[in-house]
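K.L.:
Before I ask anything, let me first share the structure, which is written out below as structure tokens.
Read the figures in this text as sums done on the coordinates, not as results from a lab. Predicted model only: the values in this text are computed from it and were never measured. A quick note on method: Cβ atoms are made from the backbone with ideal geometry, for glycine too, and the neighbour counts reach across all protein chains shown.
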Amino acid sequence: MENNTIGYWVWFLFIGGVIGWLAGIITTGRGFGIIGDIVVGIVGAMLGGWMARVLGLSTGSSIGAFLMALVGAVVLVGLTRFIVRNVQK
């Protein structure tokens with residue numbers, strides 16, 4: 001699928017939403033709403049990709065990329081909760 005097609009962007013947003021929702025379920029027991037899930041999923045995927053490069057890991061497949069994005073999203077949520085908790089003190 002080319003990057004400039006509507007189907008690509010719909011799929012991109014859908015997968016971002018699924019990753020964000022799963023990260024929410026893992027960390028808080030619930031999602032963050034549709035927009036929040038999409039944002040967490042997309043930013044988490046970027047963080048996961050960066051972490052993979054830093055660690056010298058290769059995702060190797062779509063499943064590997066999905067799992068690395070999920071790990072990045074979970075780390076993102078954890079970091080956000082840690083920062084918010086420490087700023088509120």
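K.L.:
If we keep just the residues of the stretch 28-82 that are more than 21 Å from residue 10 (Cα to Cα) and among the aromatic types (Phe, Trp, Tyr), which is surrounded by the fewest Cβ atoms within 10 Å (Cβ to Cβ)?
P.N.:
Here the residue is 82.
K.L.:
Still on this structure, please answer the following. Do we find that residue 39 is among the aliphatic types (A, V, I, L, M) and over 13 Å from the mean Cα position of the chain (by Cα) in this structure?
P.N.:
No; evaluated as a whole, the condition is false for this residue.
K.L.:
Check every one of the helices (runs of 4 or more DSSP H) wholly within the chain and list those with 2 or more residues that are basic (Lys, Arg).
P.N.:
Details: elements: 6-28, 34-55, 62-87.
The helices (runs of 4 or more DSSP H) meeting that bar are 62-87.
K.L.:
Which residues, counting only those in the stretch 10-27, are closer than 16 Å to residue 77 by Cβ and surrounded by fewer than 16 Cβ atoms within 10 Å (Cβ to Cβ)?
P.N.:
Hits for the stretch 10-27 are 25, 26.
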